[in-house]
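Since the structure comes first, as structure tokens, the remarks are kept for the end.
Derivation of every value follows stated rules applied to the coordinates shown; laboratory data play no part. Bear in mind that the values here come from a model prediction, so they are computed numbers and not experimental data. Reconstructed Cβ throughout: ideal geometry from the backbone, glycine too, with neighbour counts over all protein chains shown.
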Amino acid sequence: MTYGGIVSFITLFGKEQGIANVGWFFSVNAIMLFLVRPISGKIFDTRGHVWVLLPGALFSLVGMILLSYTTGTGGLMAAAAFYGVGFGAIQPSLQAWIIQRAAPERRGAANATFFSAFDLGIGLGALILGPIAAATNYAMMYRVSSLMFVVYLIVYISYVVRTRKKPLQT
């Protein structure tokens with residue numbers, strides 16, 4: 001949902017903040033995605049999901065908060081770097097974890113469900129965050145959307161605590 005808020009409203013946020021070229025967000029974000037995915041994949045494979053999904057959420061949370069306070073290109077690029085590292089770790093790791101947990105004959109369905117949920121989240125993010133921006137401003141909307149990572153962390157940590165058999169393993 002946070003990504004839906006970014007792709008839908010970052011241009012308007014840039015106008016609100018006086019940032020001339022918000023395209024830098026997507027450039028830096030893409031570079032960080034490209035750099036972090038091989039690293040996070042190896043960590044996921046060797047150490048388990050906790051070692052990727054928790055830091056990824058924290059990086060994404062920091063990225064969203066930085067974005068919400070950004071007033072210039074440098075801050076925008078820093079926000080993009082944090083968000084890119086976090087999102088680059090979370091998205092493929094969640095996908096791998098879901099496929100790993102599915103029965104072999106259900107892996108295609110699991111993958112399709114994952115991407116359908118991802119697309120739904122982008123659309124819902126725009127629908128839910130748009131009225132928040134209209135009632136406040138885009139900076140506040142990004143602050144509110146950062147709370148989605150807080151919810152993610154609460155749900156995920158609760159799951160890990162309830163199901164952990166070995167410390168910090170899959």
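Note the direction-averaged projected area, equal to a quarter of the hull surface, for the Cα convex hull of the range 73-127, in nm².
Details: hull surface 17.9 nm².
Its average projected convex-hull area is 4.5 nm².
Based on the Stokes-Einstein relation at 25 °C and a viscosity of 0.890 mPa s, and on the Kirkwood radius from alpha carbon pairs, the range 82-160 is assigned a translational diffusion coefficient of 170 µm²/s.
Hydropathy at least 0.0 by Kyte-Doolittle, axial extent at least 27 angstrom from the Cα trace: which helices of the chain, defined as entire DSSP H runs, fit? Intermediate values should be presented prior to the final figure.
On the way: long enough: 23-47 (35 Å, 0.76); 50-69 (29 Å, 2.01); 73-101 (41 Å, 0.73); 107-135 (42 Å, 1.20); 138-163 (38 Å, 1.29).
Length and hydropathy pass: 23-47, 50-69, 73-101, 107-135, 138-163.
Based on a Kirkwood Rh over C-alpha pairs, give the Stokes-Einstein translational diffusion coefficient of the range 25-89 at 25 °C and viscosity 0.890 mPa s in µm²/s. Stokes-Einstein gives a translational diffusion coefficient of 212 µm²/s.
Placing +1 on each Lys and Arg Cβ and -1 on each Asp and Glu Cβ, with no other charges, gives the chain a dipole about its Cα centre of roughly 660 debye.
With the convex hull drawn over the C-alpha atoms of the chain, the volume per residue is 106 Å³.
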